[in-house]
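The values are calculated or read from the model by the stated rules, or taken from the named source; none is laboratory data. Small disclaimer: the values here were computed from a predicted structure and weren't measured. Cβ placement follows ideal geometry from the backbone for every residue including glycine, while neighbour counts extend to all protein chains displayed. Ligands, DNA and RNA are excluded from the accessible area calculation, which covers all protein heavy atoms including side chains. Shrake-Rupley method; radii C 1.70, N 1.55, O 1.52, S 1.80 Å.
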Amino acid sequence: MKQYGAEFFGTFWLVLGGCGSAVLAAAFPNVGIGLLGVALAFGLTVLTMAFAIGHISGCHLNPAVSIGLWAGGRFPAKKLLPYIVAQVLGGIVAGGVLYLIASGKAGFSVSAGFASNGYGEHSPGGYSLLAALLTEIVMTMMFLLVILGATDKRAPQGFAPIAIGLCLTLIHLISIPVTNTSVNPARSTGVALFVGGWAIAQLWLFWVAPIVGGVLGAIVYRFIGPTEK
């Protein structure tokens with residue numbers, strides 16, 4: 001239960017910190033943090049939580065990561081469902097807290113997107129479903145490749161959180177214009193439920209693509225660097 005609790009609070013922090021930066025601070029008048037700031041915020045949530053709870057739960061914070069680690073031989077199947085449930089619940093609670101904070105400002109409306117992920121007319125840059133699908137698969141694949149490599153026993157010890165946090169930052173710098181960057185079904189679900197409508201209708205892609213990407217990342221790492229036994 002401590003592991004599941006750690007995943008709940010870790011994912012809560014990721015969604016509140018990452019999506020919160022996008023909703024509350026990205027376009028703040030005159031001193032908004034912009035795309036670079038949002039990308040850095042997502043990376044910092046993972047970096048800080050990796051040091052805080054990595055020794056408790058492994059700090060997955062992401063169903064696609066848990067599934068990818070399972071596919072890579074690093075995580076037992078029996079813990080997959082409880083981890084995913086804890087992560088999704090953490091994301092939803094964070095979405096609720098963010099909604100309560102954001103709605104304290106006059107004129108707030110979820111119609112602005114509320115940091116939801118989307119494609120087509122709901123992509124920040126107007127990218128197609130195919131472009132969004134490919135982006136999410138490739139970005140999650142590379143994320144898992146970095147996670148598996150950085151946490152390998154042969155890698156320099158103690159630096160994995162830095163590599164993983166910076167990788168997530170880079171992923172956001174690349175893909176925010178395409179999908180608003182998911183690579184994490186729990187992050188997508190946590191805000192989409194409060195937007196409803198189109199965000200729920202397009203949510204399937206942000207479950208399917210990251211999971212496919214996570215498994216592909218595990219397959220690639222099994223090929224280039226056999227996992228620990």
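Just how far, in whole angstrom, is region 159-219 from region 77-110 if you go by their alpha carbon centroids?
14 Å
Evaluate the charge dipole of the chain about its Cα centre and quote only its size in Debye, nearest 20, assuming +1 on the Cβ of each Lys and Arg and -1 on the Cβ of each Asp and Glu. Don't jump to the answer; show the numbers that get you there.
Values: 10 positive and 5 negative charges, 112 e Å.
Its charge dipole is roughly 540 debye.
Give me a comma-separated list of calculated 3J(HN,Hα) values for region 160-177, in order, Karplus coefficients 6.51, -1.76, 1.60 applied at θ = phi - 60°, integers in Hz, x for any Gly or Pro.
Coupling constants for region 160-177: 4, x, 5, 4, 5, x, 5, 4, 5, 4, 4, 4, 5, 4, 7, 10, 3, x Hz.
Can you give me the relative contact order of the chain as a percent, contacts being Cα pairs under 8 Å and 6 or more apart?
31 percent
Averaging over all projection directions, find the projected area of the Cα convex hull of region 120-169 and quote it in nm² with one decimal place. Intermediate values should be presented prior to the final figure.
On the way: hull surface 15.0 nm².
So the Cα hull casts an average projection of 3.7 nm².
When only alpha-carbon atoms count, how far does the chain stretch along each of its three principal axes, as whole angstroms with the largest first?
Rounded to whole Å, the extents work out to 55, 37, 32 Å.
Say we join alpha carbon atoms closer than 10 Å with springs in a Gaussian network model of the chain; which of 154, 74, 187 then has the biggest fluctuation?
154
What residue among 159, 206, 114 has the largest mean-square fluctuation in a Gaussian network model of the chain, using Cα springs under 10 Å?
159
Calculate, for residue 78 and residue 157, the FRET efficiency according to 1/(1 + (r/R0)^6) with r their C-beta to C-beta distance and R0 30 Å; round to the nearest 0.05. Working shown, then result.
Details: r = 28 Å, r/R0 = 0.92.
That pair, residue 78 with residue 157, gives E of 0.60.
Applying 1/(1 + (r/R0)^6) with R0 = 30 Å to the Cβ-Cβ distance of residue 106 and residue 85, what FRET efficiency is obtained, to the nearest 0.05?
Numbers: r = 36 Å, r/R0 = 1.21.
Efficiency at R0 = 30 Å is approximately 0.25.
Can you tell me what the convex hull of the Cα atoms of region 32-156 projects to on average, as an area in nm²? Intermediate results must be reported in sequence, preceding the final value.
Numbers: hull surface 39.1 nm².
That works out to 9.8 nm², a quarter of the Cα hull's surface.
One quarter of the convex hull surface, Cα atoms only: what value does that give for region 1-76 in nm²? Provide the component values of the computation, followed by the final result.
Working: hull surface 21.7 nm².
With every direction weighted equally, the projected area is 5.4 nm².
Using the charge dipole of the chain (Lys, Arg: +1 at Cβ; Asp, Glu: -1 at Cβ; taken about the Cα centre), state which of 207, 125, 175 has its Cα farthest towards the positive end.
207
If one takes the longest principal axis of the Cα atoms in the chain, at what angle in degrees, from 0 to 90 and to the nearest 10, does the Cα axis of helix 2-20 lie?
Once rounded, one gets 40 degrees.
If you count only protein heavy atoms with a 1.4 Å probe, what accessible area per residue comes out for the chain, rounded to a whole Å²? Please list the in-between numbers first.
Working: 10240 Å² over 229 residues.
Roughly 45 Å² per residue, with all protein chains present.
For the chain, take the longest principal axis of its alpha carbons; what is the angle in degrees between that and the long axis of helix 80-102, to the nearest 10 within 0 to 90?
With both axes taken from Cα atoms, the answer is about 20 degrees.
Can you give the helix-only mean residue ellipticity at 222 nm for the chain, where every DSSP H stretch with n ≥ 4 adds -39500 (n - 2.57) and the sum goes over all residues, rounded to the nearest 500 deg cm²/dmol? List each step's numbers first, then the result.
On the way: 9 runs with 152 residues, N = 229.
Mean residue ellipticity, 222 nm, calculated: -22000 deg cm²/dmol.
How many percent of the accessible area of the chain is carbon or sulfur, using a 1.4 Å probe? Show your work: numbers first, answer last.
On the way: 7510 of 10240 Å².
Carbon and sulfur: 73 percent of the exposed surface of the chain.
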